[in-house]
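The values are calculated or read from the model by the stated rules, or taken from the named source; none is laboratory data. The structure presented is a predicted model; accordingly, all values stated were derived computationally and were not measured. Quick reminder, even Gly has a Cβ in these numbers, built from the backbone with ideal geometry, and neighbours come from all protein chains shown. Areas reflect the complete protein model, heavy atoms only, side chains present, ligands, DNA and RNA absent. Shrake-Rupley method; radii C 1.70, N 1.55, O 1.52, S 1.80 Å.
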Amino acid sequence: MKQITRKAFTLLSVYYAYMVEYRAELILWILSGSLPIILMGIWIKAAPGGQFGFTSVEFARYFFAVFLVRQITVVWVIWDFEKEVVEGKLSPKLLQPLDPAWHHLASHVAERIARFPFVIILLGLFFLLYPQAFWLPNLGNLLLFSLAATLGFALKFLIQYTFAIFAFWTERASAIENFWLLFYLFLSGLIAPLDVFPQSVQAIILFTPFPYLINFPASILVGLPVNLKGGFLLILGWLLFFFGINRWLWRRGLKHYSGMGA
């Protein structure tokens, strides 16, 4: 256990040092995730004249929560892995007694740590500009949100890493992610809360992995009614599903990669 802890700490330290070296780029990445703030303005204007079941303040809080979830769950592993495979940089990592996935996971976790202070500043600025939306979630919701957001990040990382493994067979595995993005934008709760969808549509969407990447943790944070037990069970189910596919593709992909003489 001590050896595992030491390796994990070393990986995080190395990648954290790398992340803070490019602080300006990090800030730009944070700002690039401001789409929920733009959508918040649109829905706030639409709320008074529509029958959405949300007030302007509730829309503001929801999209504030979406912005926060996006900062926690942002993933880019497919582009890094694709580059490593295409350029042959994966080969040295395969010689190490450590699955390359841990390098990518460590870089993502370290980036979250480096990102956190800037996110806090932006959140303070948000409430300064729109004080009506300020609220303090209760401790129970905050803990459940933390768990849901962490599992959401794990699920999104695993899904994208599974797509990334297709780089063993194609030079543009990222095209799969771009196709997936179309469904992610509309079914995850990023564009609109799932509560504004018809009940029949919601019933179908809730069995897909999309709501648990954004809508589920965001709804918990703002206190919207959600099926906690069912939601967490579905997240775990999708994690197991993609983990099984990931490991199967990884074994087959390694054979194909070595067969190419890499």
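Some values worked out for this structure:
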item	result
Matching residues in the stretch 7-65 - criterion: being modelled with pLDDT under 70, open to solvent by 70 Å² or more (accessible area, probe 1.4 Å) and in a loop (DSSP other than H, G, I, E, B)	Y22, Q51
Number of the condition not met by L98 [criteria: (1) open to solvent by 80 Å² or more (accessible area, probe 1.4 Å); (2) part of a loop (DSSP other than H, G, I, E, B); (3) closer than 18 Å to F157 by Cβ]	(1)
Residue count, the stretch 165-198 (criterion: within 23 Å of F52 (Cβ to Cβ) and touching a residue at least 60 places away in the same chain (Cβ under 8 Å))	7
